[in-house]
Amino acid sequence: MKPDGKVVLLGDMNVGKTSLLHRYMERRFQDTISTVGGAFYLKQWGPYNISIWDTAGREQFHGLGSMYCRGAAAVILTYDVNNLQSLIELEDRFLALTDTASTDCIFAIVGNKVDLTNEYALLLETEEENRPEKPVTSCISTKVQKQVHLDDAVALYKKILKYKMLDEKDVPAAEKMCFETSAKTGYKVDYLFETIFDMVVPIILRQQAEGPLQTVDITNYKSAKRTKSGCCA
Ligand SMILES: Nc1nc2c(ncn2[C@@H]2O[C@H](COP(=O)(O)OP(=O)(O)OP(=O)(O)O)[C@@H](O)[C@H]2O)c(=O)[nH]1
Ligand SMILES: [Mg+2]
């Protein structure tokens, strides 16, 4: 069965891509091993089948990234809120891989592992409806100060729009597309994926109306080239 739309998780090794997908699809958190190549799950969303691709963050698999992104309707750029370098890598190493995604691809930026931060208890209090499955036994001494703040993710989102030459008014607001999650506790994991699936539906409809070749259409390729050289001129 051919999926109707594609969502791709990108980001540095160890940020928790596999754990997030596992949490959402299998409803649990378990030990992972670092991903080799890539793998996907199929999710039924209304009448549509959406493939969700988990990719390898390891440098040696980097070359595969743009292949996985081909025709993607959404890309989830994932970092670890306790590791600033993992956010920087999204811009330096992963953003360019999304050049092969659908022209109207949506971008989400996800800071994972919030359960490890000292802000987490506060987050839970203010987000009653998003309570994780199990109450968290908070042990303040093991919690750390968050290294990456939501504002940093919002700034990256705005850089992505610039890179893609998109106007802020034509795309979902940065605040809506920057998430903080915990694959370990489940915090905001359903919210993340389901927000994205809802946004992917109109893209699927557009892709279906225009035919599957739209993303590799030669006219798109040419215009992409033109805009790039225009950039450097
Ligand atoms: N505390 C905590 N640990 C997490 C969370 N998500 C993942 N981890 C742990 O972080 C490590 C890496 O998780 P993975 O899901 O394998 O990371 P990945 O991004 O898929 O890594 P690659 O496959 O190498 O690209 C594992 O030890 C996970 O148990 C989280 O939300 N909270
Ligand atoms: Mg993985």
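Is it true that some residue in the range 39-50 is among the small types (Gly, Ala, Ser), outside any helix (DSSP H, G or I) and more than 9 Å from ligand 2 (Cβ to nearest atom)? Before you say what the answer is, go through the steps one by one.
Taking the range 39-50 first, the residues among the small types (Gly, Ala, Ser) are 39, 46.
Now drop any that are not outside any helix (DSSP H, G or I), which leaves 39, 46.
Checking the rest, the ones that are also more than 9 Å from ligand 2 (Cβ to nearest atom) come to 46.
Yes: the range 39-50 contains one or more residues that are among the small types (Gly, Ala, Ser), outside any helix (DSSP H, G or I) and more than 9 Å from ligand 2 (Cβ to nearest atom).
Which of the residues belonging to the range 90-121 are in a helix (DSSP H, G or I) and away from ligand 2 (no atom under 16 Å from the Cβ)? So that I can check it myself, show each step before the final result.
As a first pass, look at the range 90-121 and keep what is in a helix (DSSP H, G or I): 90-100, 114-116, 120-121.
Glu91, Asp92, Leu95, Ala96, Thr98, Asp99, Thr100, Val114, Asp115, Leu116, Tyr120, Ala121, listed by residue number.
Go over the candidates Lys169, Lys184 one by one and state the one that is in contact with a Phe, Trp or Tyr (Cβ under 9 Å, 6 or more places away or on another chain) and either modelled with pLDDT of 95 or more or not in a loop (DSSP other than H, G, I, E, B) (or both). Even if it seems obvious, please write down each step before you answer.
Values: Lys169 fails: in contact with a Phe, Trp or Tyr (Cβ under 9 Å, 6 or more places away or on another chain).
Answer to the selection: Lys184.
Confirm whether Asp80 is surrounded by fewer than 18 Cβ atoms within 10 Å (Cβ to Cβ), closer than 20 Å to Glu175 by Cα and not hydrophobic (A, V, I, L, M, F, W, C).
Numbers: surrounded by fewer than 18 Cβ atoms within 10 Å (Cβ to Cβ): no; closer than 20 Å to Glu175 by Cα: yes; not hydrophobic (A, V, I, L, M, F, W, C): yes.
When the stated conditions are applied, Asp80 does not pass them.
Of the residues Ala183, Ala153, which single one is in contact with a Cys (Cβ under 9 Å, 6 or more places away or on another chain) and of a type in the set (A, V, I, L, M, F, W, C)? Lay out the reasoning, then the answer.
Working: Ala183 fails: in contact with a Cys (Cβ under 9 Å, 6 or more places away or on another chain).
After applying the criteria, what remains is Ala153.
Being farther than 24 Å from His22 by Cα, outside any helix (DSSP H, G or I), of a type in the set (A, V, I, L, M) and without any contact (Cβ under 8 Å) to a residue 24 or more places away in the chain, is that true of even one residue in the range 148-160?
No, the conditions are met nowhere in the range 148-160.
The values are calculated or read from the model by the stated rules, or taken from the named source; none is laboratory data. Please read these numbers as outputs of a predicted model, since none were measured by experiment. Glycine gets a Cβ as well: all are built from the backbone with ideal geometry, and neighbour counts include every protein chain shown.
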